[in-house]
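> Structure incoming, see below.
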């Protein structure tokens, strides 16, 4: 008979001395990092000598023990916090059926996949209300998302929600935090509940350390449209929270069928190889993607086509700043670049109908540009990877992906940018590139396979020549 004693963060296996079984557990609870020039490193999350690992990984241990016909008892050593808060969703806001389904199946530890547009912030707020404890920490991977989370949770709960970032410290019973600042604060160890937005970032060392330091957080819940990692370090997400439960998942196809997301057409623009392999990935990418005039001209044709068809506001995503600036200058020369005024937080910003945001854009300016896009004053928005998560501009209905790459999290997040419902727009258009360069063709195949996992996306796919 085996026993697993578990707390909020870690657990210990008792009663198993068979080293073959212990090393099988260690092998299952391991992952590698590195590659692409960096040395590979093996990380093992189960110590066969101490027999300790993280609580979120218990289901893997149980499955291995069952395979070896070893019965196991789980011994919950956690202290259930006393309810000391009375939070409620404000009157007039009613959760949708699939959101209520998440609440109805809620547990003290859960990871929930919710497609972009599913209202995951309302789900986070609903979980806070269900837990009825304080203090509560809501972890956001980026400051830009942290402020957005604070405002939305405050709206849903009718409560004053705090913020803790590198530039602002205002701690409340519910506080939205960023990783670096949270690690330096006392509030982590005091928190009785830890909620994580965009939990795919839990694979990053700093965010994982936040989850470890929140030792008294009995409630641990995480949401994301893509609650996984592109490597095999998904284990870190599960270690910090729990193994994913498919019963609570809400994918994009489900929401499209329910009329809660906009249907989309995905077209792959065929691009012939112009350079082959040039000795390094960076040089090949620069020549085949960034400086490829034929390819960049096709981006211009897509913009022209979208404007003439009145398909909606346009989002152009790029991978490198140099590429973004090149496309930005081409667009300014060929399409409307009229001045527009946008008011944000009482201040008037003098913008243009075409704007670009990247990591260097001042936060207030970035938010003003996004507000301009929401109002359809900014009609063409160029963005770097900063737009991969949390960009909430329903007016954007055309997406042009000008980079390459095979990241599954980015692929899903990016398509989700143009799927939010918007008046008068009943179809979203996504343009990706089918680069015939051998390196980038592999990336195309990978992205296409990912898109095909969503049935409502798969049925509206095509390849086009421009």
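> Would you point out the residue of segment 112-127, among those that are touching a helix residue (DSSP H, G or I) at 6+ places or on another chain (Cβ under 7 Å) and within 14 Å of residue 193 (Cα to Cα), that is surrounded by the most Cβ atoms within 10 Å (Cβ to Cβ)? Before the answer, list the steps.
If we filter segment 112-127 for residues that are touching a helix residue (DSSP H, G or I) at 6+ places or on another chain (Cβ under 7 Å), which is where we start, we get 112, 114-119, 121-126.
Now narrow it down to the ones that are within 14 Å of residue 193 (Cα to Cα): 124-126.
Working: 124: 26, 125: 30, 126: 23.
The selected residue is 125.
> Residue by residue through segment 296-341, note down the ones that are under 26 Å from the mean Cα position of the chain (by Cα), within 15 Å of residue 356 (Cβ to Cβ) and not in a helix (DSSP H, G or I).
313, 314, 315, 316, 317, 318, 319, 320 - these are the residues of segment 296-341 that are under 26 Å from the mean Cα position of the chain (by Cα), within 15 Å of residue 356 (Cβ to Cβ) and not in a helix (DSSP H, G or I).
> Would you mind finding the one in 425, 410 that is crowded, with 18+ Cβ neighbours inside 10 Å, modelled with pLDDT under 95 and over 20 Å from the mean Cα position of the chain (by Cα)?
None of the others qualify; the one that does is 425.
> Assuming residue 350 fulfils every condition listed in (1) more than 30 Å from residue 287 (Cα to Cα); (2) under 19 Å from the mean Cα position of the chain (by Cα); (3) assigned to a strand (DSSP E or B) apart from one, which condition is it?
It is condition (2) that residue 350 fails.
> To continue, here is another question. Surrounded by fewer than 17 Cβ atoms within 10 Å (Cβ to Cβ) and part of a loop (DSSP other than H, G, I, E, B): which single residue out of 3, 50 fits that description?
Sole residue among the options that is surrounded by fewer than 17 Cβ atoms within 10 Å (Cβ to Cβ) and part of a loop (DSSP other than H, G, I, E, B): 50.
> Condition (residue is touching a helix residue (DSSP H, G or I) at 6+ places or on another chain (Cβ under 9 Å) and more than 22 Å from residue 465 (Cα to Cα)) applied to segment 300-307: is it met by at least one residue?
no
> If you don't mind, there's one more thing I want to ask. Consider residue 51 against the criteria (1) at pLDDT 95 or above; (2) under 21 Å from residue 240 (Cα atoms); (3) out of contact with any strand residue (DSSP E or B) (no Cβ under 6 Å at 6 or more places or on another chain): it satisfies all of them except one. Which criterion is unmet?
Against the list (1) at pLDDT 95 or above; (2) under 21 Å from residue 240 (Cα atoms); (3) out of contact with any strand residue (DSSP E or B) (no Cβ under 6 Å at 6 or more places or on another chain), residue 51 comes up short only on (3).
> Also, quick follow-up: Collect the residues in segment 353-363 that are in contact with a strand residue (DSSP E or B) (Cβ under 7 Å, 6 or more places away or on another chain) and assigned to a helix (DSSP H, G or I), keeping them in residue-number order.
none
> State all residues of segment 91-107 that are in a loop (DSSP other than H, G, I, E, B), in contact with a helix residue (DSSP H, G or I) (Cβ under 9 Å, 6 or more places away or on another chain) and closer than 14 Å to residue 156 by Cβ; if no residue qualifies, say none.
Going through segment 91-107, the residues in a loop (DSSP other than H, G, I, E, B) turn out to be 91-96, 105-107.
Filter again for in contact with a helix residue (DSSP H, G or I) (Cβ under 9 Å, 6 or more places away or on another chain), leaving 93-96, 105-106.
Answer for segment 91-107, where residues must be in a loop (DSSP other than H, G, I, E, B), in contact with a helix residue (DSSP H, G or I) (Cβ under 9 Å, 6 or more places away or on another chain) and closer than 14 Å to residue 156 by Cβ: 93, 94, 95, 96.
> Which numbered condition trips up residue 288, out of (1) more than 20 Å from the chain's Cα centre (by Cα); (2) surrounded by 15 or more Cβ atoms within 10 Å (Cβ to Cβ); (3) more than 14 Å from residue 404 (Cβ to Cβ)?
For residue 288, the exception is condition (3).
> Among what's in segment 156-167 and is out of contact with any strand residue (DSSP E or B) (no Cβ under 7 Å at 6 or more places or on another chain) and free of Cβ contacts under 8 Å to residues at least 40 places away in the same chain, pick the residue that is farthest from residue 137 (Cα to Cα).
Looking at residues that are out of contact with any strand residue (DSSP E or B) (no Cβ under 7 Å at 6 or more places or on another chain) and free of Cβ contacts under 8 Å to residues at least 40 places away in the same chain, I get 167.
> Also, quick follow-up: For the structure I just gave you, tell me whether residue 130 is in the same structural domain as residue 181 (by TED's automatic domain parsing), part of a helix (DSSP H, G or I) and over 14 Å from the mean Cα position of the chain (by Cα).
When the stated conditions are applied, residue 130 passes them.
> Looking only at segment 182-206, filter to residues that are touching a strand residue (DSSP E or B) at 6+ places or on another chain (Cβ under 7 Å) and over 18 Å from residue 132 (Cα atoms); which one of those is surrounded by the fewest Cβ atoms within 10 Å (Cβ to Cβ)?
185
> Where in segment 168-225 are the helices (runs of 4 or more DSSP H), entirely inside, with at least 3 residues that are on the phi < 0 side of the Ramachandran plot and in contact (Cβ under 8 Å) with a residue 60 or more places away in the chain? Reasoning before the result, please.
Values: elements: 179-183, 187-190, 205-213.
Result: 205-213.
A quick yes/no check of all residues on (1) under 16 Å from residue 234 (Cβ atoms); (2) modelled with pLDDT under 95:
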{"position": "15", "(1), (2)": "no, no"}
{"position": "25", "(1), (2)": "no, no"}
{"position": "30", "(1), (2)": "yes, yes"}
{"position": "36", "(1), (2)": "no, yes"}
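> Tell me the residue from 378, 430, 398, 415 that is buried (at least 21 other Cβ atoms within 10 Å of the Cβ), modelled with pLDDT of 90 or more, part of a helix (DSSP H, G or I) and touching a helix residue (DSSP H, G or I) at 6+ places or on another chain (Cβ under 8 Å), please.
415
> Right, next: Tell me the residue from 45, 22 that is in contact (Cβ under 8 Å) with a residue 60 or more places away in the chain and surrounded by 13 or more Cβ atoms within 10 Å (Cβ to Cβ), please.
After applying the criteria, what remains is 45.
> So, in segment 227-242, exactly how many residues are surrounded by 24 or more Cβ atoms within 10 Å (Cβ to Cβ) and either assigned to a loop (DSSP other than H, G, I, E, B) or at pLDDT 95 or above (or both)?
Number satisfying all stated conditions: 1.
> All but one of (1) in contact (Cβ under 8 Å) with a residue 60 or more places away in the chain; (2) surrounded by 15 or more Cβ atoms within 10 Å (Cβ to Cβ) hold for residue 275; state the number of the condition that does not hold.
With respect to (1) in contact (Cβ under 8 Å) with a residue 60 or more places away in the chain; (2) surrounded by 15 or more Cβ atoms within 10 Å (Cβ to Cβ), residue 275 is out only on (2).
> Let me ask another. Any chance segment 261-271 includes a residue that's touching a residue at least 60 places away in the same chain (Cβ under 8 Å) and more than 27 Å from residue 465 (Cβ to Cβ)? Full working, then the answer.
To start, the set of residues in segment 261-271 that are touching a residue at least 60 places away in the same chain (Cβ under 8 Å) comprises 261-271.
When the remaining residues are screened for being more than 27 Å from residue 465 (Cβ to Cβ), the result is 261.
Yes, there is a match, as at least one residue in segment 261-271 is touching a residue at least 60 places away in the same chain (Cβ under 8 Å) and more than 27 Å from residue 465 (Cβ to Cβ).
> A further question on this structure: Do you know which residues across segment 340-365 are farther than 12 Å from residue 315 by Cβ, surrounded by 14 or more Cβ atoms within 10 Å (Cβ to Cβ), in contact with a helix residue (DSSP H, G or I) (Cβ under 7 Å, 6 or more places away or on another chain) and at pLDDT below 95?
344, 358
> Now, a different point. Of all residues being touching a strand residue (DSSP E or B) at 6+ places or on another chain (Cβ under 7 Å) and surrounded by fewer than 23 Cβ atoms within 10 Å (Cβ to Cβ) in segment 385-394, which is modelled with the highest pLDDT? Just the residue, please.
394
The values are calculated or read from the model by the stated rules, or taken from the named source; none is laboratory data. Small disclaimer: the values here were computed from a predicted structure and weren't measured. Glycine also receives a Cβ, built like all others from the backbone with ideal geometry; neighbour counts cover every protein chain displayed.
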